[in-house]
Structure formats: structure tokens, C-alpha cells
1. Looking at region A:146-260, what helices (runs of 4 or more DSSP H) fall wholly within it and have at least 3 residues that are touching an Asp or Glu at 6+ places or on another chain (Cβ under 7 Å)?
2. Regarding region A:27-38, can at least one residue be identified that is open to solvent by less than 10 Å² (accessible area, probe 1.4 Å), farther than 26 Å from residue A:278 by Cβ and modelled with pLDDT under 95?
3. With the structure loaded, tell me whether residue A:57 is closer than 17 Å to residue A:145 by Cβ, touching a residue at least 40 places away in the same chain (Cβ under 8 Å) and either in the same structural domain as residue A:138 (by TED's automatic domain parsing) or open to solvent by less than 10 Å² (accessible area, probe 1.4 Å) (or both) or whether it fails that test.
4. Among the residues of region B:52-60, are any open to solvent by 10 Å² or more (accessible area, probe 1.4 Å), more than 11 Å from chain A (Cβ to nearest Cβ), out of contact with any helix residue (DSSP H, G or I) (no Cβ under 6 Å at 6 or more places or on another chain) and not charged (D, E, K, R)?
5. Across region A:155-182, what is the total count of residues that are closer than 14 Å to residue A:131 by Cα, surrounded by 12 or more Cβ atoms within 10 Å (Cβ to Cβ) and among the aliphatic types (A, V, I, L, M)?
6. Among the numbered criteria (1) at negative phi; (2) in contact with a Leu (Cβ under 6 Å, 6 or more places away or on another chain), which one does residue A:82 miss?
7. Any idea which residue in region A:230-256 is farthest from residue A:208 (Cα to Cα), counting only those that are among the polar types (S, T, N, Q) and touching a strand residue (DSSP E or B) at 6+ places or on another chain (Cβ under 8 Å)?
Amino acid sequence: MEPILEVKNLRKNYKDFSLKDVSFKLDRGYIMGFIGQNGAGKSTTIKLIMNLLKRDGGEIKIFGKDNIKHEIEVKNKIGFVYDECYFYEELTVLEMKEIIAPFYKEWDDDLFNKYIKEFDIPPKKKIKDLSKGMKMKFSLAIALSHNADLLIMDEPTSGLDPVVRSEILDILSDTIQDENKSVFFSTHITSDLDKIADYIILIDNGEIVLSAAKDDILDNYGLVKGSKELIDSEIKKNFVGININKYGFEGLAYNKNKVKRIFGEKVVIEKPTLEDIMLYHTRRDFNV
Amino acid sequence: MYSLLLKDILVQKKQFLYGILLAAVYSFAFSSNNLGGVLTVFVFPYIFVLTAASYEEKNKAEMILISLPIKRSLLVMERYISVFLFAALGAIEYIIVVGVANLVELPIKFSTLTIEPVLIFGLAVYYGIYLPLYFKFGYIKTRWVNFVMFFGLFFGVPSLVNAINKYGINFKILNPLITFFKNQSNIAVASELIAVAFLIYVLSYAISVKIYNSREF
């Protein structure tokens, strides 16, 4: 079966920033976390997928179809949630729904009402009077009510309190119980992905620097701590990045088993978090 | 299309109350030259189309609208249609105001509404010029253009008409045009005006679609 989302050599040039040959693919039934610092190119990539920006090169295929040539068809099967509330704040929840619903072929009003009830969203309240968490849940209710196969989310959890974040992540996990659906989820809060992501892609300065299954990443990489005398230029080649201070070093190794063979008991090796993976890949001062 | 037009009405529901007040003031103030109705119909799109555009820009709602399964050309068309929708709503509010005033037999003279083809022509030319600029630069950046156009129109057109009346006969280029219109029936002139208005509007729409299709958000 073709990937639900496939991006090949995607390019976008600005004066001070470029997206450089971004490529990745997402299969049906998985959650892909798209991580990177602010300004790394996450939103640009998502806007290119949604045709809010025009690409300078490369290909984007959704359900095997070009995202621009088959724009209306593919967007009918995409649910989107953005980092901010872009709805008309002057309208009520129901009014906004009435405006959006007719554009989707498979809009399901019963499902929408079910989500509104489940999320405790007051339907007659104006959108401007909803809390940030409520607005995000309303976005999610809209995104989930038209039988979308692909959910595209751009930093949906940023600025939300931990309780709402956790609720949203649970909803996403439930969505994925249907093996035909996938979620593409950009964030800089990597702890969200520790819980739910199957795949991770890391973007830095417009380039994909890591793309792999989350479990493979967490199983293979190792966070190594030891005395700084152990580090020389040959040893450094085993590391993504090293932070050396007067007490010793801490570094992210590509292959923890190899490092274990080299150092034996002289170092401590821990399982890294996704935050460690992101930091060591992107912080220039940690570069080896 | 219906729901796109609906959003522009819903975001400014309360404004329709001010619209009634506006219709009443215009009707009373321009009763001597019977221009109240025409002005109301012209001013309504100015207020309502721009207010709708300002809410859209304030909320950055285009991010949502363009992410929905909607062709950008439909979003453009909605704006073009909304000009005449709001003009029609202006006419309706005006008729209601004058109707109620007549019903309660107010001892004040109100101007009655006559839809002149030149009004439709004026709306088509005005928004035919403004909307491509709006789709290129957005509402905030074109606010002043619109302001200048609007007041330029109100002060410029009467001066232009006066100038043509006074000197038109001396301009060789204008002479055949004046003769052309003078020799035709009113209905023929009206149809020609409407046809030209329609052409301008369609051409302007095509330009706006081209501009909006390449716009980035």
C-alpha cells in the first residue's frame, strides 16, 4: 500500500532561510512526530503540505496523489489543527461549525456533537470566550468529524497546560486505533512524543537530520557520561555531540553498544529522551 | 458559497442595526435631491465588505479557509458576490426604513430608492479596481487606497460631471461618445452600462484569482 504522506526533495527558498531537499514518508496507522527548534522549518513544511505556501521544488503526495493537482480531493480526507486559533472569534462554536461543515463531503454531525459533549465545549459560546485548551479541542473536534484519514497538526500542544495536553494525546492515540489513519504531528515539546509517536523526524535549519522509528532511536542511541580525559578526536566520531565541562563530559552516542565495548565500566550509559536526541543534534556548541 | 457568504453576515450581525440608522440618516439628509437610497446602496458594501475583510485578516481566518477543501477561486468569487449581496441588503434596509416612515406617516420627506444602472456600473468599477489590490496586499495595506478611492469618488465624480457638462462639447474625443449616448433610448444605454460593468467585473475577478492563487500564507 502506498504511504499516506510522502514528501520528496521538498525545497522552499527564502532570503534568510531554506528548506533543503526534505524527504520522508508516513505509512497508514502510525503517528509521526516532527521535531525541531522554533524556526527549523516545521511550520514551513506543514504549510507546503497544506498548499498555504508554494514549493520551489520537490514532490508532496498524499494518499499517493499530488497535493496541488488533487487539492480538493486530498483535503477532504485531511484533518488539520494549527498552533493558534484561526477561527472567527466573533462567532459561536456552532456558527463556525455550520460554516465549515458543508465543505466536507463526509461531514458527520453526530460525531461532531459527540466530541463537543465529550470535550465539554459549550456550543453556544463565542470562540473568543473559550480557553486556549478549549479552542484547541474545538479545532480537534472539527478535524475529527469528517472521517479524515490523515491528521496534520502543527504544534497543537504548545501553550497548553499538562492536563489538556495529556487529554489531546489520549484522543490522538484513540484515533490511531483505526489502522487506516495516521497522524503527522509537529512539536518542540518532545515529551509529548515519548508517549505516542511511532516515528520521529528531526529537522534542523531546513534539513532533515534524523528520521527513524522512535524505539530504534531510543534503543540504539546512548547518553554517555564520564571523565573528560577519555575523549579524543577518534573517540568523538562515535558521538552526535558532546558537552564537556570541568567535571567531565556528557555526550550522545550513535551506538551505545559500541561505546560500551570501547569504554567498558569507565562510563555511565543512560537511555536518552527525545529531548536529548534533539538537543545534541541541534545545539551547535555540542557539535563534535 | 452559501456558507462563505453566511460567515461574512454572521461576523457583523450587529452592524445591520447601524445600517438601519445609516439608511434613515441618508434618506432624510438627501431628501432634497432624492439620493439617499443610491448612497445607502453604495455605502453598504463599503462598510460591510471591508468589515468582513477586516475580521478575516484579524483572525487570520484565511489559514483555515485555504486549508479546507475549497478552491481559492471560490473564496475570490465570494468576495465579488458579497459586494452585490451587501448592496442588496442595503436596498432592503432602505426600503424597510422608508416603508416604516411612510406607514407611521412621519411628517418628514424621505428620498425614495431608484436603482439606476449607473449605480451598478459604479459598484462594478469601484470594486473591480479595489478587489485585485485587496487580494494582492490584504485588507490592512489597502485600507487607505480604499479610503482615498471612496472619497475621491464622492468629490471627484460630481466635479467630473460638471467639467464634462461645461467643457465636454469642446473635447473632440468626448463628442462622438456624447452623441452616441444621446441618440439612444434609455433602455439601450442602461443595457450597455450593465454589459460594460459585467465585463469589467469578470475581468477583475480573473485577475484576482490569478493573484490569489499565487499568494502565500
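1. Qualifying helices (runs of 4 or more DSSP H): none found.
2. For region A:27-38, residues open to solvent by less than 10 Å² (accessible area, probe 1.4 Å), farther than 26 Å from residue A:278 by Cβ and modelled with pLDDT under 95: absent.
3. Answer is no for this residue.
4. No.
5. Within region A:155-182, residues that are closer than 14 Å to residue A:131 by Cα, surrounded by 12 or more Cβ atoms within 10 Å (Cβ to Cβ) and among the aliphatic types (A, V, I, L, M) number 2.
6. Unmet condition: (2).
7. Looking at the filtered set, the residue picked out is A:243.
The rows are residues; the columns are (1) away from every other protein chain (no Cβ under 14 Å); (2) more than 18 Å from residue A:152 (Cβ to Cβ); (3) surrounded by 19 or more Cβ atoms within 10 Å (Cβ to Cβ).
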residue	(1), (2), (3)
A:41	yes, no, yes
A:68	no, no, no
A:75	no, no, yes
A:89	no, yes, no
A:95	no, yes, yes
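The values are calculated or read from the model by the stated rules, or taken from the named source; none is laboratory data. Everything numeric here is computed off the predicted structure, so don't read it as measured data. Glycine also receives a Cβ, built like all others from the backbone with ideal geometry; neighbour counts cover every protein chain displayed. Accessible surface is based on the protein model in full, side chains and every heavy atom, while ligands, DNA and RNA are left aside. Shrake-Rupley method; radii C 1.70, N 1.55, O 1.52, S 1.80 Å.
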